[in-house]
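**Q** Structure provided below as structure tokens; questions to follow.
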Amino acid sequence: MSSAGMSPSPAAAAVRPPVIRRRRLEPDARREQILSVAVRLFGERPYSEVSTTDVARGAGVARGLVNHYFGTKKELYLEVVRVMLTVPEVALAGLPDGGPAERVDAIVTWFLDVVSRHSTSWLAAITAGGMAGDSDVDRVIAEAIDVAAESILTATGLGADPGEALRGMARAYVGMATYTAREWLQRGALTREQVHALLTITLLAMVEKVFPQAG
């Protein structure tokens with residue numbers, strides 16, 4: 001009988017090199033992988049010291065794929081800033097159904113969890129990573145502040161058609177929250193517990209005594 005039709009012996013099978021199957025990521029997963037690496041790199045180094053080649057290498061993809069999903073280096077950076085500073089809808093969807101105190105505590109806790117988990121990247125984003133004064137970066141940061149302010153109003157039950165004065169008060173709170181978090185993460189002047197107390201007590205006082213004056 002010809003050996004061509006015979007199965008390989010157990011010994012031969014044992015020395016046969018294994019077949020490596022590469023797992024192909026879906027486009028959305030691949031994009032998120034690239035963005036995750038960009039968030040880390042732009043958090044570790046200034047904008048001028050990060051290249052799309054660095055991002056591609058970190059994500060294990062060709063540089064052309066970075067350009068395909070995000071365009072230029074600047075467009076990639078703008079997306080990093082947007083992701084780090086914008087409050088996602090899922091944060092609001094996960095808020096408890098209780099009263100203002102419970103909801104304020106939950107949104108502040110969520111904020112502190114996020115900024116502490118990604119502290120380096122978040123701090124780089126709010127300081128524009130060497131790109132301060134760039135009109136596109138300033139626009140993305142301003143948009144993120146607007147979204148955060150709207151989220152504050154929604155979380156406290158005031159999101160239905162707020163006037164500009166109320167939005168302005170909410171944006172002022174977002175600014176305070178940002179700088180308070182920096183006192184904790186960057187300067188070490190405050191503990192997380194102190195930041196949590198300051199932000200929750202202040203927001204509750206604004207809801208009860210300040211926001212109603214917006215008319």
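The values are calculated or read from the model by the stated rules, or taken from the named source; none is laboratory data. Quantities reported herein were computed from a predicted structural model and do not represent experimental measurements. Glycine also receives a Cβ, built like all others from the backbone with ideal geometry; neighbour counts cover every protein chain displayed. Remember, those area values only see protein heavy atoms, side chains included, never the ligands or the DNA or RNA. Shrake-Rupley method; radii C 1.70, N 1.55, O 1.52, S 1.80 Å.
**Q** Looking only at the stretch 171-208, filter to residues that are of a type in the set (D, E, K, R) and modelled with pLDDT of 95 or more; which one of those is farthest from Trp110 (Cα to Cα)?
**A** First, the residues of the stretch 171-208 that are of a type in the set (D, E, K, R): 171, 182-183, 187, 192-193, 208.
Checking the rest, the ones that are also modelled with pLDDT of 95 or more come to 171, 182-183, 187, 192-193.
Details: Arg171: 18, Arg182: 16, Glu183: 18, Arg187: 21, Arg192: 12, Glu193: 14 Å.
Checked the stretch 171-208; the qualifying residue farthest from Trp110 (Cα to Cα) is Arg187.
**Q** While we're looking at this one, here's another question. Taking the stretch 28-59, which residues are of a type outside the set (Ser, Thr, Tyr), free of Cβ contacts under 8 Å to residues at least 24 places away in the same chain and open to solvent by 60 Å² or more (accessible area, probe 1.4 Å)?
**A** Asp28, Glu32, Arg45, Glu49, Arg57
**Q** Please verify whether the stretch 164-184 includes one or more residues that are polar (S, T, N, Q) and touching a residue at least 12 places away in the same chain (Cβ under 8 Å). Lay out the reasoning, then the answer.
**A** Start the filter on the stretch 164-184 by keeping residues that are polar (S, T, N, Q), which leaves 178, 180.
If we keep only those that are touching a residue at least 12 places away in the same chain (Cβ under 8 Å) too, we end up with 178, 180.
Yes - at least one qualifying residue is present in the stretch 164-184.
**Q** Still on this structure, I have one more. Given the criteria open to solvent by less than 60 Å² (accessible area, probe 1.4 Å) and within 12 Å of the chain's Cα centre (by Cα), does Val140 qualify?
**A** Numbers: open to solvent by less than 60 Å² (accessible area, probe 1.4 Å): yes; within 12 Å of the chain's Cα centre (by Cα): no.
So Val140 fails the test.
**Q** A further question follows. Being open to solvent by 60 Å² or more (accessible area, probe 1.4 Å), touching a residue at least 24 places away in the same chain (Cβ under 8 Å) and more than 15 Å from the chain's Cα centre (by Cα) is true for just one of Asp105, Asp97. Which residue is that?
**A** Values: Asp97 fails: touching a residue at least 24 places away in the same chain (Cβ under 8 Å).
Unique residue meeting the criteria: Asp105.
**Q** Return the residues of the stretch 157-194 that are open to solvent by less than 50 Å² (accessible area, probe 1.4 Å) and assigned to a loop (DSSP other than H, G, I, E, B); say none if nothing qualifies.
**A** Gly159, Pro162, Gly163
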